[in-house]
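Structure, as C-alpha cells:
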Amino acid sequence: MTSSINYTEKIPNNVDLAGDRRLKRALESWQPAFLEWWSSMGPALPNRDVYLRTAISVGREGWADFGHVALPEYRWGIFLAERNRDRRIGFGELKGEPVWQQVPGEYRAELQRLIVIQGDTEPASVEQQRQLGLSAPSLYDLRNLFQVNVEEGRHLWAMVYLLHAYFGRDGREEAQALLHRHSGDVDSPRILGAFNEETPDWLSFFMFTYFTDRDGKYQLGTLKESAFDPLSRTCEFMLKEEAHHMFVGTTGVDRVVERTAQLMREHEAAEVVAAGGIPLDIIQKYINFHYTVSLDLFGSETSTNAGNYFTAGLKGRWQEERRTDDHRLTDDSVWLDTIEDGELRQIEVAALTALNHDLRGEYIRDCQTGVARWNRILDNAGIDYRLRLPHVGFNRKVGTFAGHHISPTGEVLNSDEWHRLVSSWLPTEQDKAHVRSLMKPVYERGKIAAWVAPPRQGINGKPFDYEYVHLS
Ligand code: BYC
C-alpha cells in the first residue's frame, strides 16, 4: 500500500477498496445514508463553499490540500496510516507477538464495542455544533467550525470502515445505528454523557474543542496502541486531523480571555458585561463544566473492562512504548483518590484495574497547560485573577465521586451547601443568557465580534480578512 489516496473512486481511500467488491458495495450503500444525515443533522447555515483542507496523503510531508469546497462535496474517505510490517503487540499477555490483521473471534465483541463508542462520538459532535454557524464571530471562525465538522464526519467514516470490513453483518447494523442515534435525543441518545449536552454558543464550542476533543486525543492515542492493526492505523491518521480541533479550542479560549482582559483594562472589571465581553468568572464556570463532563468520559477510576482490554492487547496506555515498566502490570499497584465515609482518601488498587485513572491523569496534566497559557495572558495584561481546573471530584456523574458533592477546591459538602453554592461554580441560566446574547453573526470579511480577539494568524498563510467562506 502507498501513502497516496485514490481520489478517482466514489469513496476516496488508500485501502484498495476497488479490490474488495463486496466491501465497496456495502460502503457505497451506506454513503447515501451518511449524506442524508449530513444534510439533516450537519451544519445548518446555508453556504456556497468553504476554504477547507482535504487529506491527500497519509505520509509525513504535505498530507493535506487547501481550497474552497462546497460542503456536501467534501471528499470524505477512508485513510489509514501506513502499515509497519514488523509491528508487534506492545503490552498485555500477548506482548511481543505480531499484531493482528483480522479480529480474533474471542475479542470480537469487545473490539466492536470500543469502535462503536468511538464512532458514536464523531457524528454526535457534528449534531451538537449544527446551529453554531448561525452565530459565528467571524468568517475565520466559521471556516474552522466547518473544518472540524467535516473531519468529525470523516472520523465517522473511519469507524464505519472498520465495522463494515471486519465485523460482518453486526458491524453493518452498528454502522446504520451510528446515524440513527442523535445527540440529546430522548429515545435514542448518543452513548456517552458529554455528547448529549448542548453546544449552544461559541464559548461552549471553544471549551468543547479544548476539553472534549482532548479526551478524543487521549482515547485515540490508546487505541493507536491496539494489537488490532487496522484500528491502530486508523487512529494514527485521525490523530493528525484531531490536532487542529484542539488548536481551535486552545486559541479560541486564548482569544476570549485576551479580549476580556482588554475590556477590563479599558473599563472597570464589573463593566465587562455592559461592554459586551465575557467576564472571567463566567469563563471559569464554563471551564468547570466542560472539564468535568470531559473527565466523566474516562469511565470509572477502577474498571475491569479497562483491565481486560489491556491484558488482551485491545487498548493500551498513552504512549505505551515510553513506559518503563513491564507493559503487563500484573503485579503492580497504584494509589488513587476516592471518597469513603464522606472523606477524600487515597486507596491502593491493582494497576490493571486503574487504567482509566491512568489515562485521565495524562489528560489532566495536558489540560493544565491550557490553563497556564490563559493565565499568562492575564498576567501579561496585569490582571491578578487566575483561572484554574476544579478538583477532580467536582461535578462528577461517573466514577467514585458520582453522587457526592465536592467543591472546586476539594471540600466535601452536604447537599444544602452544594445547592447554595453551585451557582457560583457552574454556569447559571443568567450566565448562559449573557453569553448567548453576544452570539450575533459577523460575516463581513476582516470583521470580528466584540467579545473575542482576532486570531494571530489566518489559515494556511492566508490573512484574517480572507474570504474563508462564501455564503449563499
Ligand atoms: N457516559 O467500566 P466503566 C472523541 C459506561 S471522545 C455514559 O468505567 P469503561 C471525540 C460504560 O460504557 C473519545 N456511560 O467503563 C471528542 C459502561 O457501560 P456498560 C471517545 C458511560 O468501559 C470530541 C459502564 O458505564 N472514545 O473521540 O472502562 C469530538 C461502566 O463503566 C460513561 C472512547 O471513549 C459516560 N461518560 O470506560 C468528537 C474510546 N463512561 O458496558 C470525538 C472507547 C462509562 O456497563 N471507549 N460509561 O453498559 C472506551 O474506551 C470506554 O468505553 C470508556 C468507558 C473509556 C468510554
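Every read-out reported here was derived from the displayed coordinates using simple, explicitly stated rules and does not represent laboratory data. Quick caveat, the model's predicted, so the values are computed rather than measured. Positions of Cβ are backbone-derived with ideal geometry, glycine not excepted, and every protein chain shown enters the neighbour counts.
Points worth noting:
- Rounded if a/c under 1.5, otherwise prolate or oblate - the chain, Cα gyration tensor axes: oblate
- Overall form of the range 398-472 per C-alpha gyration tensor (a/c, 1.5; a/b vs b/c): prolate
- Cα gyration tensor shape of the range 152-288, rounded if a/c is under 1.5, else prolate or oblate by comparing a/b with b/c: prolate
- Neighbour counting of Cβ atoms within 10 Å sorts the residues HIS327, HIS245, HIS419, fewest neighbours leading, into HIS419, HIS327, HIS245.
- Relative contact order for the range 194-255, counting Cα pairs under 8 Å that sit 6 or more residues apart, in percent: 43 percent
- Cβ-Cβ FRET estimate between GLN262 and VAL422, R0 fixed at 30 Å, reported to 0.05: 0.50
- Applying 1/(1 + (r/R0)^6) with r as the Cβ-Cβ distance of ALA243 and GLU271 and R0 = 45 angstrom yields a FRET efficiency of 0.75.
- Computed extension gain for ASN460 through ASP326, at 0.36 nm per residue and net of the alpha carbon distance, reaches 43.9 nm.
- Length-normalised contact order for the chain - Cα pairs under 8 Å, 6+ apart - percent: 19 percent
- Residues ASP49, ASP86, ASP215, arranged from fewest to most other Cβ atoms within 10 angstrom of their Cβ, appear as ASP86, ASP49, ASP215.
- Efficiency of FRET from Cβ geometry, GLU348 and GLN101, R₀ 41 Å, rounded to 0.05: 0.55
- Which of VAL273, LEU111, GLN131, positive extreme of dipole for the chain (C-beta unit charges): GLN131
- Gain on full stretching of the segment that runs from GLU73 to THR311 - 0.36 nm per residue minus C-alpha separation: 81.4 nm
- Here PHE401, PHE146, PHE464 are placed in order of increasing Cβ neighbour count within 10 Å, fewest first, which gives PHE464, PHE401, PHE146.
- Entry note, the range 47-163: relative contact order of 27 percent, from Cα contacts under 8 Å with a spacing of 6+ residues.
- Calculated log₁₀ intensity ratio I(q)/I(0) where the Debye formula runs over C-alpha points of the range 308-406, q = 0.23 Å⁻¹: -1.21
- Projected label points at GLN368 and LYS440, each 7 Å from Cα along the beta carbon direction, are separated by 4.2 nanometres.
- Potential lengthening between ALA44 and ASP281 on full extension [0.36 nm per residue; Cα-Cα distance subtracted]: 82.2 nm
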